[in-house]
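**Student:** I have a structure here, written as structure tokens, and I will follow up with some questions on it.
Please treat every number below as a calculation from the coordinates, not as lab data. Note that the coordinates shown come from a computational prediction; the quantities given were computed from them, not determined experimentally. Here Cβ is always computed from backbone atoms with ideal geometry, including for glycine, and neighbour counts include all displayed protein chains.
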Ligand code: SF4
């Protein structure tokens, strides 16, 4: 099947021409379809479509076909069902985060799109799967005149409207260098540990990210933890992942978090469950990060759920997303960033930066597209306490790229913790000097003291921000 997929991508231009010709002829079958009845036509056509598209594209019959927009690479083969991929976990060799034995579907999609050229679907935001259609024929909808859906990035732009600007958003648009830090919520029903972790950063940062099951591991819910921080006069960024919840649940969580004083939401697809502490869990991935941004923005700007049902009071949200400039496919990372910004992200937090040269190349392209003027690009930095821990992370955490020389420098140091801190401080200074970078986002699992010290020694301290 994978060989068939590769063949289809290699012949994407020819297959797209055939698709266009069939689409043009499809209305001729509208009358017979009408006479036969939709249900009977579906019962006849769906098995044929499954056979034909299965053999050609390894199609899973999602019923919301976007093949002509994805370079003839079927995105349902993506382990996270990304509709606007790639995710941030693509491995250095281009293998998939979820299934390392296969190439990332979105790398193949990029190759197919390049073969198709102008009408490839790059630069469009593709809609989430309509689960009611799974298993049903897409051909029928083509006969009925429905086009494969996609919204050009320009048309997806959120409309400007009056709303209250809270402290983190103000910091992001102020032009001052922003500092955020990430803490994991505790494995506890007692908020004391969480509050103690956050207190270490009072007066040091503009906002504190609360991770949402990072690495596929279970902790206190991010919405609850963010609300606890908000109630304790911190400024939380609540991470919401699409991995564990469908669109009903994520909208409920966003609304609930907003009702509890959380203003900042980071929309992420989420790490796969395979390496977490519940590898037996079901992967949900109903919406990817762009799908999450889209529903959040509709709730905020249009006052409606994704279903169109009206909210009584719209949530007041500042929306963000992630980017990973450090892993393949490097060319597509800018398009993916542009799509996230078009979908409503106004702050971007990147994966760990241990390779400043790679970041500089990424930022040059960000500036060329003017994306740094439209969203605050906040670069992820951090350290772990030993070279061994960094080596483990480099090999076991998909999406993290650590050059061997960085690990070697820390490995030979007498005091590895101090060496790691020095590297972190140097990285912050180097990142800060790159035009277009709006700030740094410090990460380091249970390494809060080192991160706080790095902030102080880098001169990034600030007055304690006002709540929310
Ligand atoms: S690496 Fe990510 S985007 Fe690519 S196929 Fe795997 S899960 Fe999907």
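**Student:** I need the Debye-formula profile for region 124-267: one equal scatterer per C-alpha, no solvent, reported as log10 I(q)/I(0) at q = 0.15, 0.17, 0.21 1/Å, two decimals.
**Tutor:** Computed log10 I(q)/I(0) values: -0.87, -1.01, -1.31.
**Student:** Hey, another quick one. Per DSSP H run of n ≥ 4, the term is -39500 (n - 2.57); total these for the chain, divide by its residue number, and report the mean residue ellipticity at 222 nm rounded to 500 deg cm²/dmol. Walk me through the intermediate numbers first.
**Tutor:** Values: 17 runs with 186 residues, N = 468.
After summing the helix terms and dividing by residue count, I get -12000 deg cm²/dmol.
**Student:** Say R0 is 25 Å: what FRET efficiency, to the nearest 0.05, do residue 165 and residue 364 get from their beta-carbon distance?
**Tutor:** So, using R0 = 25 Å, E works out to roughly 0.25.
**Student:** Please express the shape of region 407-447 as an equivalent ellipsoid: the semi-axes are the square roots of 5 times the eigenvalues of the C-alpha gyration tensor, given largest first in whole angstrom.
**Tutor:** Largest first, region 407-447 gives 23, 13, 7 Å.
**Student:** Take every Cα pair under 8 Å in the chain that's 6+ residues apart, average their separations, divide by the length, and report that relative contact order as a whole percent.
**Tutor:** Values: 928 pairs, mean separation 76.1, N = 468.
Taking the mean separation of contacting Cα pairs over the length of the chain, I get 16 percent.
**Student:** Arranged from highest to lowest average of other beta-carbon atoms within 10 Å per residue, in what order do the peptides 252-260, 304-312 appear? All intermediate terms of the calculation are to be shown ahead of the outcome.
**Tutor:** Details: 252-260: 18.8, 304-312: 11.6.
Final packing ranking: 252-260, 304-312.
**Student:** Note the angle between two axes, namely the Cα long axis of helix 356-368 and the longest principal axis of the Cα atoms of the chain, as a number of degrees from 0 to 90, rounded to the nearest 10.
**Tutor:** The helix 356-368 is inclined about 60 degrees to the chain.
**Student:** If each residue of separation counts as 0.36 nm, what is the full-extension length gain between residue 462 and residue 426 once their alpha-carbon separation is subtracted?
**Tutor:** 11.0 nm
**Student:** With r as the distance between the Cβ atoms of residue 20 and residue 51 and R0 = 22 Å, compute the FRET efficiency 1/(1 + (r/R0)^6) and round to 0.05. The partial results should precede the final answer.
**Tutor:** Values: r = 22 Å, r/R0 = 1.00.
For R0 = 22 Å, the calculated efficiency reads 0.50.
**Student:** Relative to the compact globular guide of 2.2 N^0.38 Å, what is the alpha carbon radius of gyration of region 2-156, as a ratio?
**Tutor:** 1.05
**Student:** On a 0 to 90° scale, report how tilted helix 105-116 is relative to the longest principal axis of the chain, with both axes built from alpha carbons and the result rounded to the nearest 10.
**Tutor:** 60
**Student:** A further question follows. Pairing the Cα long axis of helix 416-432 with the longest principal axis of the chain, what angle in degrees results, from 0 to 90 and rounded to the nearest 10?
**Tutor:** Taking Cα atoms only, the helix is inclined about 70 degrees.
**Student:** Counting only DSSP beta bridges with both residues in the chain, tell me the antiparallel percent, nearest 5. Don't skip to the answer; put the middle values down first.
**Tutor:** Numbers: 4 of 38 bridges.
If we restrict to bridges inside the chain, about 10 percent are antiparallel.
**Student:** Find the centroid of the Cα atoms in region 365-443 and in region 98-170, then give the distance between the two in whole Å.
**Tutor:** Measuring centre to centre over Cα atoms gives 31 Å.
**Student:** Using the reciprocal of the averaged 1/r over all distinct C-alpha pairs, how large is the Kirkwood radius of the chain in Å?
**Tutor:** Evaluated over the chain, this radius sits at 23.2 Å.
**Student:** Give me the compactness ratio for region 35-118, meaning the Cα radius of gyration over 2.2 N^0.38 Å.
**Tutor:** So region 35-118 has a normalised radius of gyration of 1.26.
**Student:** Can you compute the FRET efficiency between residue 304 and residue 418 using 1/(1 + (r/R0)^6), with r the Cβ-Cβ distance and R0 = 45 Å? Round to the nearest 0.05.
**Tutor:** 0.25
**Student:** So for region 211-269, averaging the separation of alpha carbon pairs under 8 Å that are six or more residues apart and normalising by length, what relative contact order in percent results?
**Tutor:** So the answer I get is 39 percent.
**Student:** Tell me, in nm to one decimal, what length is gained between residue 134 and residue 199 on full extension, where the rule is 0.36 nm per residue of separation less the Cα-Cα distance?
**Tutor:** Computed gain between residue 134 and residue 199 is 18.6 nm.
**Student:** Would you calculate the separation in nanometres between label points at residue 331 and residue 6, each defined as 7 Å from the Cα along the Cα-to-beta-carbon direction?
**Tutor:** That separation, rounded to one decimal, is 1.9 nm.
**Student:** So what is the relative contact order of region 2-156, in percent, for Cα pairs below 8 Å that sit 6 or more residues apart?
**Tutor:** So the answer I get is 33 percent.
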